[in-house]
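**Q** Got a structure for you, written out below as structure tokens; questions coming shortly.
Every read-out reported here was derived from the displayed coordinates using simple, explicitly stated rules and does not represent laboratory data. All of these numbers come straight from a predicted model, not from anything done at the bench. All Cβ positions, even for glycine, are placed from backbone atoms using ideal geometry, and neighbour counts span all protein chains on display.
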Amino acid sequence: MNLFQKVVSVRPNQIGYLYQDNKLHKKLNPGIYKFFDFSHKFDVAIIPTISKLITVANQEVLTKDNISLRLSYLLEYQITDGDIFINRFSLFDTPAYNSSANLIAQAESVVHNLSQVDLRDAIAKIDSQQINEQKHEVLNQIPESLKNQLGSYGITVHQLIVKDVCFPKMIQQLFAQQLETKIRAKIDLENARTTVATLRALKNAAELMQNHENIKFIQYLETIVKIAAQGKHTFILGDIQNQNLPKG
């Protein structure tokens, strides 16, 4: 009797679809089920109900200015409508013990290919120098077209995160040279501004010294001190016509 008994185990976070004579018989919630299957009429497709994270690595894409780069990204998806999902894929083309794994592999292939196409289209609209600036604003957003396409498979995308952006080595060197040029230009500009400010300050100081009477008097005294230091001299300060000078 046990030879013809079929045991089906639906684990937590899974849902089963029981088929009899290739027709959907009923859904199976988590649990263990036993069926008498003398003529092998029963098949079961089991799909996960929780989200899953996949990595899409080293995808070669072109930017708007025709620069080739390699892109890796993470994508979190979930089968949210099992009824639609099971009608979009081949359920029992592989042995029963491997049918669920094959079903998920088919789903991930669809997610991989459709997300790759949408991301390529998004990058094709961005110049290479703006990739890093717009990575979070544009590339990490889930395109509406991707949502709609995967929705027709009963799949929902929760996250799309760009992980790595790798430019060819030659392009990296050009970017480094360009950055160095920008930094040098900025330094030269700051030095020029400092020089202009210094010259302006010196000019203002010169004009102040030229027109200020007290500063002129201080300069006059400094000149007298320098002359006096060179020998014995007699200095007359003030109006010479009003001085009572000794006659001799």
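**Q** At a 10 Å Cβ-Cβ cut-off, how would you order L91, L103, fewest neighbours first?
**A** L91, L103
**Q** For N148, what is the net charge nearby, where nearby means another residue's Cβ is under 15 Å from its Cβ and Lys, Arg count +1, Asp, Glu -1? Don't jump to the answer; show the numbers that get you there.
**A** Values: positive: R88, K147; negative: D81, D118, D121, E144.
Around N148, the charge tally is -2.
**Q** Along its three principal axes, how long is region 52-167 when you only count alpha carbons? Whole Å, largest extent first please.
**A** For region 52-167, the Cα spread along each principal axis is 50, 23, 19 Å.
**Q** Right, another one. Can you sort F85, F4 from fewest to most other Cβ atoms within 10 Å of each residue's own Cβ? Intermediate values should be presented prior to the final figure.
**A** Details: F85 19, F4 11.
With the sparsest Cβ surroundings first, the list reads F4, F85.
**Q** So, one more: Over the alpha carbons of region 2-48, what is the largest minus smallest coordinate on each principal axis, giving the biggest first in Å?
**A** Principal extents (Cα only, largest first): 30, 23, 11 Å.
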